[in-house]
1. In the neighborhood of Gln468, defined by Cβ-to-Cβ distances under 12 Å, what is the net charge if each Lys or Arg adds +1 and each Asp or Glu adds -1?
2. Can you give the Rg to Rh ratio of region 316-500, both from alpha-carbon atoms, with Rh computed by the Kirkwood formula?
3. From Cα pairs below 8 angstrom and at least 6 apart in sequence, can you work out the relative contact order of region 442-537, rounded to a whole percent?
4. Along Cα→Cβ, 7 Å out, is where each label goes; now give me the distance between the ones at Thr334 and Ser486 in nm to one decimal.
5. Per 0.36 nm of contour for each residue apart, how much would the distance between Asn52 and Leu172 grow if the chain were fully extended, relative to their Cα-Cα spacing?
6. Report the full-extension gain for the segment Trp524 to Ser149: residue separation times 0.36 nm, less the Cα-Cα distance, to one decimal in nm.
7. Separation between the Thr422 and Lys435 pseudo-spin-labels, each 7 Å from Cα along Cα→Cβ, expressed in nm?
8. Would you mind computing, in nm to one decimal, how far apart the modelled labels at Ser74 and Ala507 are, each placed 7 Å from Cα along Cα→Cβ?
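Every number in this text was worked out from the coordinates using simple rules, so none of it is lab data. Keep in mind that this is a model prediction, so the values were computed, not measured. Every residue, glycine among them, receives a Cβ derived from its backbone with ideal geometry; neighbour counts consider all protein chains shown.
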Amino acid sequence: MSADELDPRENHILQTIGFNHPLLQLMPYPSDAPRRLQDLQTLVCRAADEENAYPARVEAALGLRSAISKLALSPKETPHLAIDLLEGLNCWLRSPAVSEQVAWAHLEGVDIELDIRTFSDPPLYPLPTLVRTTEGGRRVTLKDANDLSRAVGIWTHSTLQLGSKPVTAFNLMYVADLRAALRMVILSSLYQDLDQFRKSERATIDRFEETGLSLWQTLLSALRNSPGYMLNDEKLFGEQVQSAVWHSLRTKALLSPVPDAPPDSNSQGAPLARERFGHTVIKGVIPPGANDEDRSTLARYERLRSPMPIARLPDVLQIDAFEAKLVAEFPWATDAIGAIAGDLRSRRLFGGVELGMQPTLLVGQPGCGKTRLARRVAEELGLPFWSISLAAMGDSRAILGTSRGWSTGQASPLVNLLLERTSSSAMVLLDELDKACTTLRSDVPPTSTLLNLLETENARVWYDTYLQTACDLSKVMYLATANALSPIPKPLMSRLRVILVPEPRKADFAAIARGALLDIAREWGLPETTFTELSETMPLAAASNAREIRTFARDYLNEWAQRSLGQSRMH
């Protein structure tokens, strides 16, 4: 079809658009041009003609990439043609769906495609992932920000434009535009945190929580009310996907390294402003010391005035493995381990990313393995661990520390633990809680001190007498042990989840023996597998509880070493 055979209006449209690509500048094509070129030209005219209904124009524009693929151009030429054509048309349409197609064309030019993966944690939500196929045919997740710059720029610019519209405008949007806008909100949120686009992880999360979620909700509400809404839209854009994106952003920020630097000395005592995601243990000012020794000691704690890493909550599969491993070690404590794992699992399924645990009291007879179970929980979760025996403790100084006025003044061991391990998260074992002193005439009993530490709101403003400032210890977790409940004050009991740890059965003694030998191997600085075979030959018939088995284990190793590795066998 020649220019003379075209409708004058269509001819005017083609001359007005002003394409740059040589193949597009040849329009209108002659009547004997290949059919695929004529089909391409027809779609262009439909998309650009303002007399056509807007949905028909958008659908014509969305069909252009398929029409271009039929031209059999080179892999590098195809996306260039699509970008020129779609950008030219979108100056007329201003359609989010067409803007999205321009972004895909840019990604196609660098061999990037979209992959929708359904994860099992939380279950059943799909999350878009950009992937590239390597020369060996392996699909890898994209991490190079340079290849994404144009696409991310389009997604971000489009979402910013949409965010400036009045709410009523979304109710009039075409359904294809609504879906495209939602995809761009998701993708811009997920990929704008790459180094090239990021100010900070914290800023990325703030932007998503303050503006991204609001725009998402508005678009989703408009989509639900539109005639073209489908049930699959809920799976692709609903609340579960919102939780997944938020969870992904928080996890990336949580794993991001926190710079190890003290507050700015020019900040007049204010903490150095940092946008790294983390938890600041000391938010206020530490008053200066009265002498050089105090000043030198206090300088170490300035590190706690900057954000510290927070322990990450494992995913559901990791929590399942955590539970299975501990059950294999403590088969008689299945219910207790299940309760702890269930707490972690629920937090994760609801979108939590920070490791946390309800203060828990393990109650059972002496020798049932409560203390070792608490330590193993901390080890498997990778937490800094501190154990304090409360049996007959006469005052709270072992928890509170001592003030600067004393020659032995020192900060709380809790604060020191966080400082030494460079973490705001830790696990503290309160051993033999039922044997702690509850009434003292001149000092604060430890049970009273624990009331504030076990209450999250009070732990956020916990006052350290040596540092003379409030500390936020809300990320510290607590496990306690006791043989009986009656000696524990009721106010303290109200802050604890009580879990019974029954006595091991005879059938459980082999598992206890394996655990005892594992502990000895670690204590002696040996590989954990050193005594694996010996655990199967250790005599257990005479043992009556877990503590006896641990004693038998040491005696058995001593006897076996003398018999099998003695001086006569060293040559």
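1. Details: positive: Arg404; negative: Asp294, Asp464.
Charge balance near Gln468 sits at -1.
2. Numbers: Rg = 16.6 Å, Rh = 17.1 Å.
For region 316-500, the value is 0.97.
3. Working: 58 pairs, mean separation 17.4, N = 96.
Contact order relative to length: 18 percent.
4. That separation, rounded to one decimal, is 3.2 nm.
5. Details: separation 120, 0.36 × 120 = 43.20 nm, distance 1.69 nm.
Taking Asn52 through Leu172 to full extension adds about 41.5 nm, to one decimal.
6. This chain segment gains 129.6 nm when fully extended.
7. According to this spin-label approximation, the distance is 3.7 nm.
8. 7.2 nm
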